Amino acid sequence: MNELRDDGIETPHPDRFDPDGPTYGDCMAAHRAAVANGQQGYIDPYTGLFVMTAAHLANRPCCENRCRHCPWLALD
């Protein structure tokens, strides 16, 4: 099994979600709010899609679907 990244709950890997992208700040605010409220995910404010939080994903084995907030070390 893979190990969790040290910052895996707070920060997505840049290969999964570009920190310089125009939607990053708003999506990360939604992610932080969802984690703080114990929710499994949040609605992406730009696409309307449901996105699972890193905290929720950390309670499951890696599915290797390259989730936006994947907290696991191995990316490939």
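When residues in region 30-76 are screened for being in contact (Cβ under 8 Å) with a residue 24 or more places away in the chain and of a type in the set (A, V, I, L, M), 8 of them pass.
Could you look through region 1-52, keep only residues that are part of a loop (DSSP other than H, G, I, E, B) and hydrophobic (A, V, I, L, M, F, W, C), and pick out the one that is surrounded by the fewest Cβ atoms within 10 Å (Cβ to Cβ)?
Met1
Could you tell me whether Glu3 is in contact with a strand residue (DSSP E or B) (Cβ under 8 Å, 6 or more places away or on another chain) and not small (Gly, Ala, Ser)? Yes; evaluated as a whole, the condition is true for this residue.
Every read-out reported here was derived from the displayed coordinates using simple, explicitly stated rules and does not represent laboratory data. Please read these numbers as outputs of a predicted model, since none were measured by experiment. Cβ: placed from backbone, ideal geometry, glycine included. Neighbour counts: every protein chain shown.
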